[in-house]
Amino acid sequence: MSCAGRAGPARLAALALLTCSLWPARADNASQEYYTALINVTVQEPGRGAPLTFRIDRGRYGLDSPKAEVRGQVLAPLPLHGVADHLGCDPQTRFFVPPNIKQWIALLQRGNCTFKEKISRAAYHNAVAVVIYNNKSKEEN
């Protein structure tokens with residue numbers, strides 16, 4: 001899943017609502033089980049008109065993730081050494097969290113390190129959740 005746009009992460013204000021479906025889904029491998037996540041996202045860019053709202057129904061909760069509703073502003077990591085940091089794998093990964101934001105969700109790209117490392121770095125900075133998006137579409141695999 002991917003949400004691409006021209007606005008930088010610091011200029012993009014978004015509210016995400018994650019809710020768990022009522023039943024587990026099965027993966028191709030019978031030993032794997034996961035829960036699907038319905039993600040409602042509202043994006044409001046400063047200086048733009050009405051907010052844009054869309055729904056993503058292909059999300060999944062991690063195996064050890066709490067299956068609970070989460071709300072917060074979605075934030076990508078700050079640039080690292082002048083380069084965009086979409087992965088969140090570097091120990092120096094930082095997030096700019098505006099002082100008026102109580103809850104926020106880290107937005108990270110899949111790749112270069114484990115999900116556990118990505119989640120741990122975001123949790124260290126007090127993220128209430130992490131959304132990890134794929135870096136390749138199904139057509140590219």
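The values are calculated or read from the model by the stated rules, or taken from the named source; none is laboratory data. Treat the numbers as computed from the prediction; the structure is a model and nothing was measured. Here Cβ is always computed from backbone atoms with ideal geometry, including for glycine, and neighbour counts include all displayed protein chains.
Selection of first residues in region 36-65 that are within 23 Å of ILE119 (Cα to Cα) and not assigned by TED's automatic domain parsing to the domain that holds THR114 and of second residues that are loosely packed, with under 13 Cβ neighbours inside 10 Å and aromatic (Phe, Trp, Tyr), restricted to Cβ pairs under 6 Å at least 6 apart or on distinct chains, gives the following pairs, ordered by first then second residue: VAL41/PHE54.
Within region 75-131, restricting attention to residues that are of a type in the set (Val, Ile, Thr) and in contact (Cβ under 8 Å) with a residue 12 or more places away in the chain, the residue that is surrounded by the fewest Cβ atoms within 10 Å (Cβ to Cβ) is ILE101.
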